[in-house]
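Structure record follows, encoded as structure tokens.
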Amino acid sequence: MNRLVVGSGNIFGNLVIVGEAPGAQEDLEGKPFVGKSGRFLKNLLEVSGINICKEVYFCNVIKCRPPKNRKPSPKEISIHKPWLIQQIKLINPKVVILAGSTAMTTILKEKKPISSQRGKWFNLDGIEYIPIFHPSYLMRFSQNEVNNPYGLTLKDLQNVRNKLYN
């Protein structure tokens with residue numbers, strides 16, 4: 001199957017989360033962030049105090065699963081990027097989380113590694129953007145440590161919560 005996975009969530013929310021591309025479960029269900037790493041991210045959002053139903057719209061840089069779940073090609077990204085830009089414009093959120101380096105590079109045109117850019121705020125056209133580590137990467141780390149990527153992402157999401165609700 002290769003289903004079009006446009007997005008899901010609250011189109012009136014103040015937070016858009018952009019991932020890389022649909023995975024197997026997303027392709028099957030037609031919704032982004034429903035697989036293992038998506039569920040992991042949703043748990044992190046809840047732990048951080050972000051109301052998913054009220055605030056969050058989920059989407060990806062590209063709208064179809066790449067063959068063999070590979071990283072999207074530059075051509076695929078260039079084809080799908082206008083859709084993503086239009087989604088963000090239509091929703092007009094207060095904050096956009098860029099989950100992973102593909103989302104960060106696509107939107108911010110940032111060439112530095114995500115490890116040096118995560119947690120930093122970027123303002124584009126009045127919308128605040130923040131890169132975070134991709135949830136599939138975070139799943140490799142202990143949830144008990146404060147300064148590993150998991151702990152740093154939790155801090156990033158708490159900063160997002162503060163920006164949304166203050």
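Coordinate-derived values only; no laboratory data. These numbers come from a predicted model, not from an experiment. Counting neighbours? That spans all protein chains shown, and the Cβs are built from the backbone with ideal geometry, glycine included.
Using the Karplus relation 6.51 cos²θ - 1.76 cosθ + 1.60 with θ = phi - 60°, the per-residue 3J(HN,Hα) values for the stretch 72-89 come to x, 7, x, 5, 4, 4, 5, 5, 8, 4, x, 4, 4, 4, 5, 4, 4, 4 Hz, with x marking Gly and Pro. Summed over qualifying helices (DSSP H, 4 residues or more, each -39500 (n - 2.57)) and divided by its residue number, the chain shows a 222 nm mean residue ellipticity of -12500 deg cm²/dmol. Applying a threshold of 32 Å to the alpha-carbon distances of Lys81/Lys163; Lys31/Lys112; Lys54/Lys75; Lys68/Lys163; Lys54/Lys155 flags Lys54/Lys75; Lys68/Lys163 as lying beyond it.
Of the chymotrypsin sites (Phe, Trp or Tyr not before Pro) found in the stretch 63-131, those that fall in a DSSP loop while having at most 15 other beta-carbon atoms within 10 Å are Trp121. Cross-link candidates for Lys63: which aspartates and glutamates have Cα within less than 19 Å, leaving aside residues fewer than 8 places away along the same chain? Excluding near neighbours in sequence, the set is Glu20, Glu26, Asp27, Glu29, Glu76. Note on Ser78 and Asn159: the extension gain reaches 26.1 nm, defined as 0.36 nm multiplied by sequence separation minus the Cα-Cα distance.
Put a plus charge on the Cβ of each Lys and Arg, a minus charge on the Cβ of each Asp and Glu, and nothing anywhere else: the dipole of the chain about its Cα centre is then about 340 debye.
Put simply, the amide H of Tyr129, placed in the peptide plane, has neighbours under 5 Å in Val96, Phe122, Asn123, Leu124, leaving out anything fewer than 5 places away on its chain. With bins 10 Å wide beginning at 0, the percent of Cα pairs of the chain falling in each bin runs 11, 43, 38, 8, 0. Arranged from fewest to most other beta-carbon atoms within 10 Å of their beta carbon, Tyr165, Tyr137 become Tyr165, Tyr137. The GluC sites (Glu not before Pro) of the stretch 68-166 that meet both conditions, a loop assignment by DSSP and at most 16 other Cβ atoms within 10 Å of the site Cβ, are Glu145.
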